[in-house]
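First up is the structure itself, then whatever we jot down about it.
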Amino acid sequence: MRLPGGIRARIALVLVGIVAGALGTAYLIVVPSLERRLVDARIAELSDAAVRLSASLPEDQFRWPETVERFSISANARVVAFDVLSRTPPALAVKADSRRGDSADVAEDDIAYRALESGDVERGRAVVDALDYAHVAVPVGSEAVLLFQAPLADSLATVKLVQRRLLLATGFALVLALVLGLTAAGMLAHRLRRLETAAERIAAGDFDAPIVDRGDDEIGQLAHAFDRMRVQLAQLDTARKEFVANASHELRTPIFSLGGFLELLEDEELDDETRRGFLETMQGQVQRLAKLSTDLLDLSRVDAGQLHVVAEPVELGQVARLLTGELEHLAATSSHVLESDADGQVWSLADEQRVAQIGRALVVNALVHTPPGTRVRLSARFAGGAASLRVEDDGPGIPAAQQGAVFERFYRIEGGRASGSGLGLAIGRELARLMGGDVRLDSAPGRTDFTLDLPATPPPPGPSFSRENGSRAGAAGRSS
């Protein structure tokens, strides 16, 4: 059941319950204990007086009325003298009573009979005519029993006074606990409502306003965590918007280009050579679209944790030679010198298809962003305990201010020959990290080195296993 007032009412009720429980427990412990102590003290006081006075009871029963009157004044209690009629069966008869009048209320007193039977002082608490009394019975020789009766009203009045004051204090404490609980709970609820409002604002896509809570308790820590989440979501939202804008731009350019060429091809007066040139350009734009879609698919798989790579022995020198043969025509077309240099056999534990994809991206990046005549060299080496595939060129280099951004998505160096989607290096680094490695950049004027570092492994190749973002799987998990 939902309580009105929410968490504020619940905290206040819990506090009131705790205070009520504590005071109730104190009441149950203090009041009975106090009553028992006061009653026992009165009985002990009466017993001392009874024992002391009973020793002076005269044997002459005719003097007992006068004597019990004197004992009553001294002990501040009613005194009754019993004559022992018989011990078996026990029988007593009232011979003198300091309270002149009917003694029927004590004629059969249990404590007096217990004293007769035990032959010793007996004490106890008795209720006579709905009133509480302290009774002390003292056997005097074999012929008499003295009963001292004192009211407990004064002792019990003290207990009732303490009881009333405890109840008043309990009521005041409960009211105070309720007020303080509602106040403290209201302050906490206000802070929580601020967090709720901030969470709703973030859920609606507003990441601008910071979440501020100056407390150093758990709610303050929660607010700081919310603010860190807000910053991260803002960064992700900015990256998403930039990604969508860049992807839209990269897709729109070749599509518009194809639309323009299609309109030109409708002109029947085009000669065959011009038409062939248009078709070749259109084919290049289609290839550009295909590569962009493949890159975007790889990025989406990386972000979703669904990109599979296979870990198997790969000889990086052979990869360098294969890439050189594959891309030498492109190098010749752009007037670059492409060569490979492998230091023996350099074995790594990686996915051969993805290694080739990364190496291809690095070589194409060097061929596209360096001037004609630049020398590009692929090499494979062991360095620092890792197997490395290195692509170096003697081009103009990458400015230091831009080196930290070259691995960002859709980033292309300003002032360079803007070609491609700007995704190759970003995908290459993500793939390298999935295989337990990384891609490093080292650039200076007149030199640029991109190095793919991978875990080294000794030949011959052992049993292969698959890794999906770092976990084992079957070799069939290779993705194109």
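The values are calculated or read from the model by the stated rules, or taken from the named source; none is laboratory data. Since the model is a prediction, treat every value here as computed from it, not as a measurement. With ideal geometry, Cβ positions are generated from the backbone for all residues, glycine too; neighbour counts draw on all protein chains shown. The protein model used for the area step is the full one, side chains on, heavy atoms only, and it has no ligands, DNA or RNA in it. Shrake-Rupley method; radii C 1.70, N 1.55, O 1.52, S 1.80 Å.
Quick notes on this structure:
- In the chain, the longest principal axis of the Cα atoms and the axis of helix 352-368 are about 60 degrees apart.
- Solvent-accessible heavy-atom area per residue, rounded to whole Å², over region 287-425 at 1.4 Å: 45
- Structure-derived percent of Cα pairs over 39 Å apart - corresponding label in (1) 61; (2) 29; (3) 21: (1)
- About the centre of its Cα atoms, region 285-387 shows a dipole size close to 300 debye [charges on the beta carbon of Lys, Arg (+1) and Asp, Glu (-1) only; nearest 20 debye].
- With Cα atoms, 0 to 90° folded angle of helix 316-333 axis to the chain main axis: 50
- Estimated dipole of the chain in Debye, rounded to 20 [Cβ of Lys and Arg +1, of Asp and Glu -1, Cα centre]: 1020
- Each label point was placed 7 Å from the Cα along the Cα-to-Cβ direction; for residue 286 and residue 184 their separation is 7.6 nm.
- Here residue 291 is the anchor, and no lysines lie within straight C-alpha reach of less than 21 Å, apart from those fewer than 8 places off in the same chain.
- Sparsely packed loop sites in region 340-415 (the GluC sites (Glu not before Pro) outside DSSP H, G, I, E and B with at most 15 other Cβ atoms within 10 Å) comprise 408, 414.
- Cut-off 12 Å between beta-carbons: net charge of the residues surrounding residue 199, Lys and Arg +1, Asp and Glu -1: 0
- For region 1-68, the set of GluC sites (Glu not before Pro) satisfying both a DSSP loop assignment and a count of at most 10 other C-beta atoms within 10 Å is given as 59.
- Degrees separating the helix 424-434 axis from the principal Cα axis of the chain, which is the longest one: 50
- Alpha-carbon centroid distance for the pair region 211-289 / region 139-159, whole angstrom: 104
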